[in-house]
1. List the pairs whose first member sits in the stretch 149-165 and is of a type outside the set (A, V, I, L, M, F, W, C), whose second member is exposed (fewer than 10 other Cβ atoms within 10 Å of the Cβ) and outside any helix (DSSP H, G or I), and whose Cβ atoms are under 9 Å apart, counting only residues at least 6 apart or on separate chains?
2. So which residues in the stretch 11-60 are of a type in the set (A, V, I, L, M, F, W, C), at pLDDT below 80 and open to solvent by 100 Å² or more (accessible area, probe 1.4 Å), if there are any at all?
3. State yes or no: is Ser128 surrounded by 10 or more Cβ atoms within 10 Å (Cβ to Cβ), without any contact (Cβ under 8 Å) to a residue 60 or more places away in the chain and more than 58 Å from the chain's Cα centre (by Cα)?
4. Residues being assigned to a loop (DSSP other than H, G, I, E, B) and open to solvent by less than 90 Å² (accessible area, probe 1.4 Å): count how many of those fall in the stretch 116-125.
5. Just give me the residues in the stretch 61-98 being outside any loop (DSSP other than H, G, I, E, B) and loosely packed, with under 10 Cβ neighbours inside 10 Å, in sequence order.
Amino acid sequence: MRPDDRSQYHDPVAPGPSFVPGAHSEDSEQHTVPTTFRPGTGRTIKISAAIFVAVLLVGFLVVHFLRSSDSSELSRGSTAAASVKARVDVITVSASPATRPLTLPGETAAWYESTIYARVNGYVAKWSADIGDHVQQGQTLALIETPELDADLNAGRAELNAAQAQVRVRETETDFAKTTNERWRDSPKGVVSEQE
């Protein structure tokens, strides 16, 4: 910048010469800093902002188009996958022979037979015969209390009741579905969608 052009860029609001200790105002040269903008700077900023907004708008439109095309493609794919019939393997059943020969190298037979009863966890609640007593066939020798087995039995009965209740609920849902189907099937076309 030439020295004669300084007056053109001088800021009229800026304060006068500043005081510097140890320097005299007559001896020091006054320096001013230009605070004005070059002509056309505002127009350049507006054009840059408009280009930035246009780029953002184009980017938004491209992303929106890509998302909508992906969602429509996904919808078409899911519709096509839902309409494909399930593949089922079919096997022809034939009767097996009535008897099969079984050849064994030998034969086994027991000398004694005995009935074995299952063992249960519990404790003896009542003892009615001691070792060495004469007893009759079918006589009760002892009563065994089985709290764990009783708890398992009660739990099994509760599960059975819950399962029966579930069966009744499913039967009720089935009846409701049948009546709804009959009602909707006889309704005029367009009232209920085919999917429902």
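1. Every condition considered, no pair remains.
2. Val13, Phe19, Val33, Phe37
3. The answer is yes for Ser128.
4. In the first step, residues of the stretch 116-125 are kept if they are assigned to a loop (DSSP other than H, G, I, E, B); the result is 116-122.
Filter once more, so that each one left must be open to solvent by less than 90 Å² (accessible area, probe 1.4 Å): 120, 122.
Summing the residues that are assigned to a loop (DSSP other than H, G, I, E, B) and open to solvent by less than 90 Å² (accessible area, probe 1.4 Å) in the stretch 116-125 gives 2.
5. Thr79, Ala80, Ala81, Ala82, Ser83
The values are calculated or read from the model by the stated rules, or taken from the named source; none is laboratory data. Keep in mind that this is a model prediction, so the values were computed, not measured. For neighbour counting, all protein chains shown are included, and Cβ atoms are generated from backbone atoms with ideal geometry for every residue, glycine included. What goes into the accessible areas is simple: the full protein's heavy atoms, side chains included, and nothing from ligands, DNA or RNA. Shrake-Rupley method; radii C 1.70, N 1.55, O 1.52, S 1.80 Å.
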